[in-house]
Amino acid sequence: MCCGSKRRFLLLYATQKGQAKAIAEEIWQQAGAHGLEADMHCISEMDKYNLETEKDPVVIVISTTGTGDPPDSARKFVKKIQDKTLPPDHFAHLQYGLLGLGDSEYMFFCNGGRTVDRRLQELGAQHFYDTGLADDCVGLELVVDPWIDGLWLALKETLQLQKEKEGMNNTVDAVSSSPSPSLHDVHELNLSSEVQNLKLEDEGASSVCSDVLSQKLDDINLVAPARDTEPSLIHSVPPVSQSALNIPALPPEYIEVQFEDTQGENPRLSSLISEGTTFEVPVTKAVQLTRGDAIKTALLLELDIADTSFEYQPGDAFCVICPNNVSEVEELLHILGLSEKGDDFVCVKVKQGTKKKGASRPQHIPERCTLKFILIWCLEIRAIPKKAFLRALVECTSDAGEKRRLQELCSRQGASDYTRFIRDSNVCLLDLLRAFPSCKPSLSLLIEHLPKLQARSYSVSSSNLYQPGRLCFVFNVVEFPAGPSRPVSRKGVCTGWLAELVAPLLHPGKNTLGTKEESSSTEKISIFPRPNNAFHLPADPSVPFIMVGPGTGISPFIGFLQHRQKLREQHPDWEFGETWLFFGCRHQERDYLFKQLRCFLENGTLTHLKVCFSRDSSTAEVAPPKYVQDVLRLCAKEVAKVLLKDRGYFYVCGDKKHMADDVSDAIVDILSMEMEADKLEAMKILAMLREAKRYLQDVWS
């Protein structure tokens, strides 16, 4: 099957954070063993491929970003195929298979892939293989792995038919006579349906050319305590511990790091950002909004943007460029045996003779800088290691038992252990190196496998009209407790750093914004704008709107209300619609973040304020509502009137998993009850509100 000349297919990827590219590279690596050659390109490199004339099968791997948008690298491609002048048979010659990546925690799951898939179909393109939709919420590999497994047979059958149509006598490698996915109508590989029923291929003839290694148990000397009956990060139990393993192919090395004797300056942080202009701005105020005994610590920071061209609207977001925790970087250097070389300059280049196709130095890694600069500002050392990384770490591990366990964790047979002990436990590289002390990876391996350290996004909590030259934002200091797979607790990369940075600015004992005192600070942070295309106040001020923002989800609505207050002062003759705010927190005395909301209520900016406290006890005969969705139901008639009769807007901000979905369900119940319609009809109305951009969400998982 792997003999003879290799047949070509076009492989395109569109990535935002590198996952789609990594999966495309895995497909490229496996293709050779199946007698195929993948011509791989980023979808933005439209000068290197031409779908209008493409005769070979096309495989597309595409992620989703923002609120269901295609990744930035796919914008030009999507704009091109969305051209309404294109005829319906424009891509009638094209055969393709598409793998979409997304996160079901968000409303428009895999919408980047769906958008491209739908448009290609409208233009006459045909599926040769079922569309796959992988969910990062539960693990991309649950769909990605079986999708790739089935891809090879579909490609070979398609290429075989293509050859027959071309009247060629010589045939490609023999393929199975079993039906191919290409013969079926497209059925998306959703976790809720087919994916649970997907069966892994047998290890028979196909294993000859597959990029997996069969690792026999008797190949290694594994000694495990007999008393351990429960699996853990470092210990397995039958059947995994007694299985022959299918592990990924070893990714080719492609990075070379050279230490230099010369000195110099590190690059500016702005050079690491490709999203637009970066601004370095001082932090002028920090206030702790929660009491010391609150479960979460919420901080408000004020930035001085007066001397910059930074612009924003209430509802927009912006990104903070943050470093990794310095103590974690120091520990990593110690484990790597590089403690004395942290301040040395290194030169990062592509390794000569590498087998990696199109190998290049990652864009987020400067060609020349100090070792510490790379580990502090460039690499996401807290990232959950992917299976390809685990496979590479196997080769850096000397202890036989540790080696075997790492093989298990990246194998097909150890998939559930990987999910439980690495993915769900938020294990990072440092955790692995502590758990497997004989593992000593090289610096080049880290650069090859650790993703870019991403800037963190926050909602603006102010109005430039109300506070010219100032930008405020609110956040909880994220806490990751210790667990079986992670022996130490941690704070969030960015929130922990910000909290430490502004510690001198915090006013002990102050838990409201009532203080007039301000402190000066020389501390600066680097930010860049991330405008929100939809989450803004209604263009018509007479239109009423409802805001739902429990916890720090209230953040953008403070900006909304500040802006509305200023507009009312400047335009007393304008007509303004009524405004509703539903806010909730655990305890009224501990984490009621913005008690000055009463001021907005008293001056008429806010028409209705509804609050609830989920953990406070009550002596009332009828228990008060605990959550914002409960309060919404109590105001069902008023909410329905705003949405249906007054054609108002509805905004939700906050936690997706534990709040936004419950709010959405409450709105369906309200619409169903007030319209005297069934739930299906109410769901259709809600979908129409979303489509009309009158039901808007700014949520996170």
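Quick notes on this one:
- Around the Cα centre of segment 7-163, unit charges on the Cβ atoms of Lys, Arg, Asp and Glu (plus for the first two, minus for the last two) sum to a dipole of about 520 debye.
- Charge dipole of segment 255-449 about the Cα centre (unit charges at C-beta), most positive-ward option of THR278, SER444, THR290: SER444
- Segment 448-467 and segment 641-701 have their alpha-carbon centroids 27 Å apart.
- C-alpha long axis of helix 141-165 to longest principal axis of the chain, angle in °: 50
- Spin-label zone in segment 118-133 - amide nitrogen under 12 Å from a point set 7 Å from the Cα of ASP89 along the C-beta vector: 124
- Cα gyration tensor, segment 243-321 - rounded (a/c under 1.5), prolate or oblate: oblate
- Heavy-atom accessible area ranking, 1.4 Å probe, most first, across LYS296, LYS387: LYS296, LYS387
- Segment 656-671 - phi-based ³J(HN,Hα) in whole Hz, Karplus 6.51/-1.76/1.60, Gly and Pro as x: 6, 5, 10, 9, 4, 5, 5, 5, 4, 4, 5, 5, 4, 4, 5, 5
- Accessible surface for LYS440 stands near 120 Å², nearest 10, in the context of the full protein assembly shown (1.4 Å probe).
- Charge tally for THR605 (other residues, Cβ to Cβ under 12 Å; Lys, Arg +1; Asp, Glu -1): +1.
- Whole-Hz Karplus values for segment 262-274 come out as 6, 10, x, 10, 6, x, 6, 4, 4, 6, 8, 10, 9 Hz, taken residue by residue from phi with 6.51 cos²θ - 1.76 cosθ + 1.60 and θ = phi - 60°; glycine and proline positions read x.
- Highest average packing first - 315-327, 454-466, 482-494, Cβ atoms within 10 Å: 454-466, 315-327, 482-494
- Placed amide H near THR65: partners under 5 Å, 5+ positions off or other chain: GLY112
- Selection among LEU301, ASN266, GLY353 by position relative to the dipole of segment 256-362 gives GLY353 as farthest towards the positive end (Cβ unit charges, Cα centre).
- Potential extension, SER617-VAL478 segment - 0.36 nm per residue separation minus Cα distance: 47.4 nm
- Counting protein heavy atoms only, the chain has 49 percent of its accessible area on carbon and sulfur, 1.4 angstrom probe.
- Centre separation in Å (Cα based) which lies between segment 140-157 and segment 234-256: 20
- The distance between label points at LEU609 and ALA677 comes to 3.5 nm (points 7 Å beyond Cα on the Cα→Cβ vector).
- GluC sites (Glu not before Pro) within segment 85-167: DSSP coil, no more than 15 neighbouring Cβ in 10 Å: GLU166
- For THR308, solvent-accessible area (1.4 Å; no DNA, RNA or ligand), Å²: 40
- Exceeding the 32 Å Cα-Cα cut-off - candidates LYS285/LYS637; LYS84/LYS356; LYS285/LYS452: LYS285/LYS637; LYS84/LYS356
- Loop-located GluC sites (Glu not before Pro) in segment 282-378 (DSSP state other than H, G, I, E, B) with a sparse environment of at most 12 neighbouring Cβ atoms within 10 Å: GLU311, GLU367.
- With 0.36 nm allotted per residue and the present C-alpha distance subtracted, the GLU122-HIS658 stretch has 189.2 nm of extension available.
- Simple Cβ-charge dipole of the chain, Lys/Arg +1 and Asp/Glu -1, about Cα centre, in debye nearest 20: 660
- 3J(HN,Hα) along segment 55-71, derived from phi through the Karplus expression 6.51 cos²θ - 1.76 cosθ + 1.60 where θ = phi - 60°, amounts to 9, 7, x, 10, 10, 10, 10, 9, 9, 10, 9, x, 9, x, 8, x, x Hz, with x in place of Gly and Pro.
- The angle between the Cα long axis of helix 326-336 and the main principal axis of the chain comes to about 10°, on a 0 to 90 degree scale.
- Protection proxy ranking, peptides 346-352, 20-26, average beta carbon neighbours within 10 Å, highest first: 20-26, 346-352
- Theoretical FRET efficiency, 1/(1+(r/R0)^6), r = Cβ-Cβ of LEU269 and GLU164, R0 56 Å, to 0.05: 0.50
- Residues with amide H under 5 Å from that of ARG530, placed H, sequence gap 5 or more: ALA317, PHE318, CYS319
- Taking the Cα centre of segment 255-449 as origin and assigning +1 to Lys and Arg Cβ atoms and -1 to Asp and Glu Cβ atoms, the resulting dipole is close to 1200 debye.
- In terms of accessible area, using a 1.4 Å probe and ignoring ligands and nucleic acids, MET675, MET659 rank largest first as MET675, MET659.
- Other residues within the sphere of radius under 10 Å centred on the Cβ of PRO541, judged by their own Cβ, net out at 0 (K and R +1, D and E -1).
- Between segment 2-65 and segment 287-356, the Cα center-to-center distance that results, in Å: 33
- Global geometry of segment 255-449, whether rounded, prolate or oblate, following the gyration tensor of its Cα atoms and the 1.5 cut on a/c: oblate
The values are calculated or read from the model by the stated rules, or taken from the named source; none is laboratory data. Here the structure is a predicted model, which means the values were calculated and not measured. Glycine also receives a Cβ, built like all others from the backbone with ideal geometry; neighbour counts cover every protein chain displayed. Remember, those area values only see protein heavy atoms, side chains included, never the ligands or the DNA or RNA. Shrake-Rupley method; radii C 1.70, N 1.55, O 1.52, S 1.80 Å.
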